[in-house]
1. Helix-only estimate, please: 222 nm mean residue ellipticity of the chain, summing -39500 (n - 2.57) across DSSP H runs of length 4 or more and dividing by its residues, to the nearest 500.
2. Please state the relative contact order of segment 5-68 as a whole percent: Cα pairs under 8 Å, 6+ residues apart?
3. For the chain, would you read off the P(r) tail past 37 Å as a percentage of all alpha carbon pairs?
4. Which whole-number percent gives the relative contact order of the chain, counting Cα pairs below 8 Å spaced six or more residues apart?
5. What ranking of 232, 39 emerges when the number of other C-beta atoms within 10 Å of each C-beta is taken as an exposure proxy, fewest first?
6. In units of 2.2 N^0.38 Å, what is the alpha-carbon radius of gyration of segment 5-68?
7. Within 10 Å of each residue's Cβ, count the other Cβ atoms and sort 159, 19 from fewest upward.
8. In angstroms, what radius of gyration and Dmax does segment 181-300 have, counting Cα atoms only?
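Read-outs: derived from the displayed coordinates by stated rules, not from any lab. These figures come from a predicted structure and were not determined experimentally. Cβ coordinates were reconstructed from backbone atoms using ideal geometry, including for glycine residues, and neighbour counts include every protein chain displayed.
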Ligand SMILES: [Zn+2]
């Protein structure tokens, strides 16, 4: 009969021994259980280590991927910053150019206005010399007046200049014929009866047929024969001015015609009360005869524009 127990004898140095008995079945079962546990532990350990390695690899991949992304982000940020800075510097550049252009234009405009103002003053001086009153708005010339912008000021200058120009265009200025004066304006001995009389115009030497010209833009008020004056033309210039051209041999315009300065309106003659071929020229202002000499000599007038 085989023993079902396994005996384990443990002895000390003294020689005394102790016996431990195990059931064989129990021992086998215990060994199997122990081996199973050891096996499970080994597998678990293997898989644990494997997982840790996997995790480390994954972490490394993630870390490296994050680093790449960060680098890409940084590069993008740098690109954006560069583009923004370039854009700003370009905007600055064009703003500077625009500012310079504006300043240039303003300076140019101021120069032009100043130039225009000078010319306007020259015209004003000429007109004042002739004693003509021109109605223009001068309120802004007084100090402490309302603020007038440069635009308003230039508009006003243009309006003033237009007024002067339209006035000058019509005003009787210069000579009706380029010959010598034979008899001036004012008191004189009458050439026919030798009596003291007032000569209301200027007589110019001339030959029959010489051209007689209008001294300003006008409308023909009269073109006909008048006792004393013979064949004569009266022009209406506006602003109270009229001119008369008398003793003509020929009239080249009719009543109602529009004439321009310098236009030939008749020919020198000796019709009417006349001792020989000449032109009698009169300038009237609101009906009163005035000395035409002042108006004829405008060309030679010395004008100084003062600021
Ligand atoms: Zn005369």
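1. Result for the chain: -16000 deg cm²/dmol, rounded to the nearest 500.
2. 20
3. When all Cα pairs of the chain are counted, 59 percent exceed 37 Å.
4. 14
5. Arranged by neighbour count, lowest to highest, 232, 39 become 39, 232.
6. With N residues counted in segment 5-68, Rg over 2.2 N^0.38 Å equals 2.30.
7. 19, 159
8. 13.4, 38
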